[in-house]
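The values are calculated or read from the model by the stated rules, or taken from the named source; none is laboratory data. Keep in mind that what you see is a predicted model, and the values were worked out from it rather than measured. Ideal geometry is used to build each Cβ from the backbone, glycine not excepted, and the neighbour counts take in all protein chains shown. To get the accessible areas, we keep the full protein, side chains included, count just its heavy atoms, and leave off ligands, DNA and RNA. Shrake-Rupley method; radii C 1.70, N 1.55, O 1.52, S 1.80 Å.
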Amino acid sequence: MPEPASPDLAAVSPSKTTLRILSILVFNFANYLTIGLPLAILPGYVHEHLGYSAFWAGLVISLQYFATLLSRPYAGRYADKIGPKRVVMFGLSGCLLSGVFYLLALGFDASPAVSLALLCAGRILLGAGQSFAGTGSTLWGISVVGSLHIGKVISWSGVVTYGAMAIGAPLGVLIFSLGGLTLLSACIILVALAALITAWRKPPVTGTASTQIPFRQVLGKIMPYGMMLALASTGFGVIATFITLFYAAKGWSGAAFSLTFFSVAFVGMRLLLPNSITRFGGLQVALACFVVEIAGLMMVFFAPTAWAAMAGAFITGVGFSLVYPALGVVAVKKLPQENQGSALATYSAFLDLSLGITGPLAGVLMAQAGIDAIYPGSALLVCIAMALGLRLLLRQPSPETSASVSSD
């Protein structure tokens, strides 16, 4: 699948390499923009307008994440077999259809059960679209600039993802206030359609149906890195999901600023250190990130004031920012190039799974030990991830050993 960087590609300036990457990752931006636009609207629409309970309002949102998790392996396998361009277009089509189903739900407004079912169908299509467009665009980006820049592609993928979500949510609220669900759905359809047309006009990168490794073998090679990602992602989960409740329990205001600080740190580190993974190595960068993330989580736990907690959220964002690309570089390279789509999708599924179960597990811990306990609890899980990383690093052959083996 993705070819290693040719001499011509290797000689390209960093700025041109970044532009090449962004010319492909714009499709992932459009993908996540269609996710962000309805994110702050649909729960209230289901609960207040259709009259369903908070459970159903939450389920409508959660269906997307479950659909993403279940479709990840298929997205990677098809990207390897038929090429990432087709997979991206398939994913964007799911994003477009989600907007169509939102419009259909509006048409059955007088029948809440039918309207809810159509919204759920739209969320499932969006979840599948997210996994196909996200996996495909990242693999397409690697194909364009070469395997030498895997870390840079994955880092920029995270930047456009969080950027689109940050823009999409408030923009969706504004659009909804201007034209309701009709205008919001139309905007989602237009964003996806514009991305589809742009992707269709780009030259494809050929996939290959040969040498496909069974999923069980892919999972076996990816598992250690996926487990470290899942454990470290709990830090993000407890900040994003429970920082508001943490502030309320302390009697503080300004919880939203903690999320802003976390996001600024997350994106800022990826922009400031785009070449750190290539320079120092994925496992080394991940281990440094774990240390910083643990420090940030403990700062939140011990914070005497709201501003101290914000500082802790910022440090947590700094630590978590490079975990996904750092481990992803090592994980993806564990498989042959024609199976890197499956590797990337399987690896990403650990992030989906972690974010899906962190909320319920943290809720159980909160009920038993109070809300403060979730932050040292998460820090403990990151410590386990660090121990796994150290074990893998110590088991790596030294450069001298590798050279001796290759000369033999």
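Under 27 Å from Phe261 (Cβ atoms) and among the β-branched types (Val, Ile, Thr): is that true of Ile213 in this structure?
no
Being part of a helix (DSSP H, G or I), open to solvent by less than 60 Å² (accessible area, probe 1.4 Å) and either of a type in the set (A, V, I, L, M) or closer than 18 Å to Leu39 by Cα (or both) is the filter here, so list the residues in the range 50-78 that pass it.
Answer for the range 50-78, where residues must be part of a helix (DSSP H, G or I), open to solvent by less than 60 Å² (accessible area, probe 1.4 Å) and either of a type in the set (A, V, I, L, M) or closer than 18 Å to Leu39 by Cα (or both): Ala57, Gly58, Leu59, Val60, Ile61, Ser62, Leu63, Gln64, Ala67, Thr68, Leu69, Ala75.
Every residue, every condition in (1) of a type in the set (A, V, I, L, M); (2) modelled with pLDDT under 85, yes or no:
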{"position": "Gly226", "(1), (2)": "no, no"}
{"position": "Gly235", "(1), (2)": "no, no"}
{"position": "Tyr247", "(1), (2)": "no, no"}
{"position": "Phe261", "(1), (2)": "no, no"}
{"position": "Val267", "(1), (2)": "yes, yes"}
{"position": "Asn275", "(1), (2)": "no, yes"}
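Against the conditions (1) at pLDDT 85 or above; (2) assigned to a helix (DSSP H, G or I); (3) out of contact with any Lys or Arg (no Cβ under 6 Å at 6 or more places or on another chain), where does Lys221 fall short? Just the number, please.
The failed condition is (3).
Please work out if Ala288 is part of a helix (DSSP H, G or I) and over 26 Å from Pro360 (Cβ atoms).
yes
Yes or no, residue by residue, for (1) surrounded by fewer than 24 Cβ atoms within 10 Å (Cβ to Cβ); (2) without any contact (Cβ under 8 Å) to a residue 24 or more places away in the chain; (3) in contact with a strand residue (DSSP E or B) (Cβ under 7 Å, 6 or more places away or on another chain); (4) not acidic (Asp, Glu):
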| site | (1), (2), (3), (4) |
| --- | --- |
| Thr260 | yes, yes, no, yes |
| Thr278 | yes, no, no, yes |
| Ala308 | yes, yes, no, yes |
| Leu335 | yes, no, no, yes |
| Glu338 | yes, no, no, no |
| Ala343 | no, no, no, yes |
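Does Ile243 satisfy the condition of being crowded, with 21+ Cβ neighbours inside 10 Å and either farther than 30 Å from Leu171 by Cβ or at pLDDT 85 or above (or both)?
Criteria not met by Ile243.
Any idea which residue in the range 82-114 is modelled with the lowest pLDDT, counting only those that are open to solvent by 10 Å² or more (accessible area, probe 1.4 Å) and touching a Ser or Thr at 6+ places or on another chain (Cβ under 7 Å)?
Looking at the filtered set, the residue picked out is Asp109.
Report the residue count in the range 345-362 for those that are surrounded by 20 or more Cβ atoms within 10 Å (Cβ to Cβ) and either aliphatic (A, V, I, L, M) or in contact with a Pro (Cβ under 8 Å, 6 or more places away or on another chain) (or both).
The number of residues fulfilling the criteria is 5.
Collect the residues in the range 326-360 that are in a helix (DSSP H, G or I), more than 20 Å from the chain's Cα centre (by Cα) and charged (D, E, K, R), keeping them in residue-number order.
Glu338
Being β-branched (Val, Ile, Thr) and within 23 Å of the chain's Cα centre (by Cα) is the filter; apply it to the range 361-398 and report the residue that is nearest to Met299 (Cα to Cα).
For the range 361-398, the residue satisfying everything is Ile374.
Find all pairs meeting these conditions: Cβ atoms under 8 angstrom apart; at least six residues apart or on different chains; first residue within the range 129-151 and farther than 19 Å from Gly282 by Cα; second residue of a type in the set (Asp, Glu).
Within 8 Å, the pairs are Ser143/Glu3.
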